[in-house]
1. Can you tell me how many residues within region 121-143 are more than 10 Å from residue 192 (Cα to Cα) and in contact with a strand residue (DSSP E or B) (Cβ under 8 Å, 6 or more places away or on another chain)?
2. Which residue, of 3, 37, is surrounded by 11 or more Cβ atoms within 10 Å (Cβ to Cβ), more than 30 Å from residue 254 (Cβ to Cβ) and not hydroxyl-bearing (Ser, Thr, Tyr)?
3. How many residues does region 106-124 contain that are on the phi < 0 side of the Ramachandran plot and touching a Leu at 6+ places or on another chain (Cβ under 8 Å)?
4. Collect the residues in region 221-245 that are surrounded by fewer than 17 Cβ atoms within 10 Å (Cβ to Cβ) and either touching a Leu at 6+ places or on another chain (Cβ under 6 Å) or free of Cβ contacts under 8 Å to residues at least 60 places away in the same chain (or both), keeping them in residue-number order.
5. Could you count how many residues in region 264-299 are surrounded by 13 or more Cβ atoms within 10 Å (Cβ to Cβ) and either closer than 20 Å to residue 142 by Cα or without any contact (Cβ under 8 Å) to a residue 40 or more places away in the chain (or both)?
6. Is it the case that some residue within region 291-303 is touching a Lys or Arg at 6+ places or on another chain (Cβ under 7 Å) and in a loop (DSSP other than H, G, I, E, B)?
7. Name the single residue that is farthest from residue 209 (Cα to Cα) among those in region 246-263 being among the charged types (D, E, K, R) and free of Cβ contacts under 8 Å to residues at least 60 places away in the same chain.
8. Suppose we filter region 63-73 for residues that are exposed (fewer than 12 other Cβ atoms within 10 Å of the Cβ) and either part of a helix (DSSP H, G or I) or of a type in the set (Lys, Arg) (or both); how many remain?
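The values are calculated or read from the model by the stated rules, or taken from the named source; none is laboratory data. The structure displayed is predicted, hence computed values, not measured ones. Here the Cβ is made from the backbone with ideal geometry for all residues, glycine too, and neighbour counts use every protein chain on show.
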Amino acid sequence: MTIKLSNTENVQKFFQEASGFNNDLGSQRMKKLVNRILIDTVKIIEDLEVTTEEFWKAVDYLNRLGARQEAGLLVAGLGLEHYLDLLLDAQDEQAGLTGGTPRTIEGPLYVAGAPMSEGETRMDDGTDPGTVMFLQGQVVDVDGKPVAGAVVDLWHANTNGTYSYFDTTQSEFNLRRRIVTDAEGRYRARSIVPSGYGCPPDGPTQELLNLLGRHGNRPAHIHFFISAPGYRHLTTQINLSGDEYLWDDFAYATRDGLVGDIRFVDDAAAAKARGVEGRFAEIDFNFQLAPALTPEQEAIRDRVRALSN
């Protein structure tokens, strides 16, 4: 018979002390969170009869996860980041907020401070031999009216599935740009077709996914922040059509309305008109911004992010 101590008065008082309830210092919010985590953890230990060996394996796993800086990858892979989107969607529905392009996960690979351009930009530095991609679209409001002066902040991987800043072989801000929409709310970018990628095969995230019988692959995709005064900040991404993992994204980021229809063009005359040679790709994708009811809704959500020097 399993011994359960978590609900006893002595254990409750013990974890209240460990959580700092017996002093007036620190953060009351943090004390409540830590106490709940401690109590729920010991309940898991009791309910699932976690052994001492399993407990210390979990501690070692957390150490290795932090050393590899894969916590952001793991929360995406276990669906926790997607759950936050579902929770925000439910809160919007409860508040009667409708319209706008669907949100989806940000992921852990954004870098602040990318170069800003007016209307259009080139994102790649010309060193990657990938297929040239022309991405364009329009930012509109819920009534379909253009949103001029919106900032389209976008970033994506190269053909090796890696991101600049985190991949130090790439130039600074390669495949990262911010574009200010023109008077018609339009943005245009020349880049290269990104590749999908998987979790590092020797990392702790894939180690856990293996134990769950799951792969760690993502389809090719492009991340976006879209912002404009008076509108709700949008965090989203488009996963590219035709990818093997389009609807089997280990990070659960693919959502209805967020599939980018990529078209490959092999016409020499069309390539010449675009100023390129050989095969190229085109993607058209429009974004719809919902009105902000408070100034806070216009701002990007606060979290720790990389900041390039």
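1. 8
2. 37
3. 5
4. Correct list: 241, 242, 244.
5. 13
6. yes
7. 263
8. Matching residues across region 63-73 total 3.
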